[in-house]
1. Please work out the Cα center distance from segment A:65-92 to segment B:44-95, rounded to the nearest Å.
2. Over the protein assembly as shown, give the accessible area per residue in Å² for a 1.4 Å probe, as an integer.
3. What is the magnitude of the charge dipole of chain B about its Cα centre, with +1 placed on the Cβ of each Lys and Arg, -1 on the Cβ of each Asp and Glu, and no other charges, expressed in debye to the nearest 20?
4. Assuming 0.890 mPa s and 25 °C, estimate D for chain B with Stokes-Einstein, Rh taken as the Kirkwood radius over Cα pairs, in µm²/s.
5. What is the Cα convex hull volume of segment A:75-143 when expressed per residue in Å³?
6. Return the sequence-ordered ³J(HN,Hα) values of segment B:68-81 in whole Hz as given by the Karplus equation 6.51 cos²θ - 1.76 cosθ + 1.60 applied to θ = phi - 60°, using x for Gly and Pro.
7. When only the heavy atoms of the protein chains count and the probe is 1.4 Å, how do A:His3, A:His36 rank by accessible area, highest first?
8. Between B:Glu29 and residues 5 or more places away or on another chain, which pairs have amide H atoms under 5 Å apart, with H built 1.01 Å from N, and which residues are they?
Amino acid sequence: MPHDWRSAFLTQARSDYRVYQRLLELANIEQCHRLHYLQMATEKLAKAFLTDGTRMPRTVHSAFVRFLQLAKQKQNARVRKTLRMPSGQFRAFLDGLLTTGQAIEHLVPEGSGQRINVEYPWQGPDHTVSVPAESTFELLGPRGFPKVGKIRQLMEAYFQAYGCPI
Amino acid sequence: MSKAATNDMESAAKRLAAANADAEPAIQEIYWFPDEDEIRLIEIDETAVPYEDFIAPFYFPADPEGHIPFRSALAMVTPDDKKRLPPPEGWGAWEDAVRIWPEAAD
């Protein structure tokens with residue numbers, strides 16, 4: 001099926017998101033893999049809006065947080081309708097997601113190998129080497145659940161509004 | 001672009017800028033880069049995530065229900081980004097932009 005760049009990134013984001021959903025259903029799977037797919041889906045969703053469709057999106061850091069900040073202002077009627085939220089509620093909803101969005105973006109490994117992430121082992125300040133597959137991530141714990149749930153609601157609303165329903 | 005079309009685009013840009021400033025109190029200024037096809041805005045916000053070496057706008061489709069009948073390209077930058085970085089490629093220079101919010105007092 002032919003795509004423009006936006007539709008291509010949205011479609012791949014939806015596919016990553018579907019894998020995340022499947023992984024949630026599996027009992028014996030390490031948390032890092034679930035979060036890895038969620039992180040990849042958020043990144044591709046944001047990148048879908050870093051293009052007008054005619055060009056490959058450029059790579060920028062913090063794309064998802066930037067996307068959330070602008071989504072708040074855009075008051076996209078299609079997305080709001082999907083979420084059935086009036087304008088003020090939609091803004092507050094997005095405001096409440098920025099910290100979680102940032103936490104999801106920080107799950108990506110960085111060069112020094114010292115940051116907690118979902119893909120590669122890292123070394124902590126006490127020189128202990130840790131493994132993502134053996135780590136627990138607060139985002140998927142009971143405290144993180146409501147916020148991640150809202151991120152999921154928002155992502156599903158964007159997929160729905162832009163022709164890629166889950 | 002005809003004068004009428006320019007006026008429509010400018011009016012829509014002003015509506016979008018005002019709505020964005022209303023939604024985000026940390027916005028200090030909004031610059032409009034006139035273009036025939038899309039509304040191009042850069043918003044100056046000290047709480048924005050700083051860019052490293054170039055400004056990349058986000059593109060949104062037209063939103064007729066929200067009274068924005070043109071597609072838009074928006075970037076949110078810090079005051080320091082504005083000093084350090086040029087506008088996105090093809091948008092011209094900062095000097096070409098119109099400060100669209102807050103509007104200058106008459």
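The values are calculated or read from the model by the stated rules, or taken from the named source; none is laboratory data. The structure displayed is predicted, hence computed values, not measured ones. Backbone-built Cβ (ideal geometry, glycine too); neighbour counts: all protein chains shown. For accessibility, only protein heavy atoms count, side chains too; no ligands or nucleic acids. Shrake-Rupley method; radii C 1.70, N 1.55, O 1.52, S 1.80 Å.
1. That distance is 18 Å.
2. Accessible area per residue, the protein assembly as shown: 50 Å².
3. The dipole magnitude comes to about 140 debye.
4. 176 µm²/s
5. Dividing the Cα hull volume of segment A:75-143 by its residue count gives 132 Å³.
6. With coefficients 6.51, -1.76 and 1.60, one gets 10, x, 10, 5, 10, 10, 10, 9, 10, 10, 7, x, 5, 4 Hz.
7. Final ranking, largest accessible area leading: A:His3, A:His36.
8. Residues meeting the criterion, in which the H sits 1.01 Å from N, are B:Ile44.
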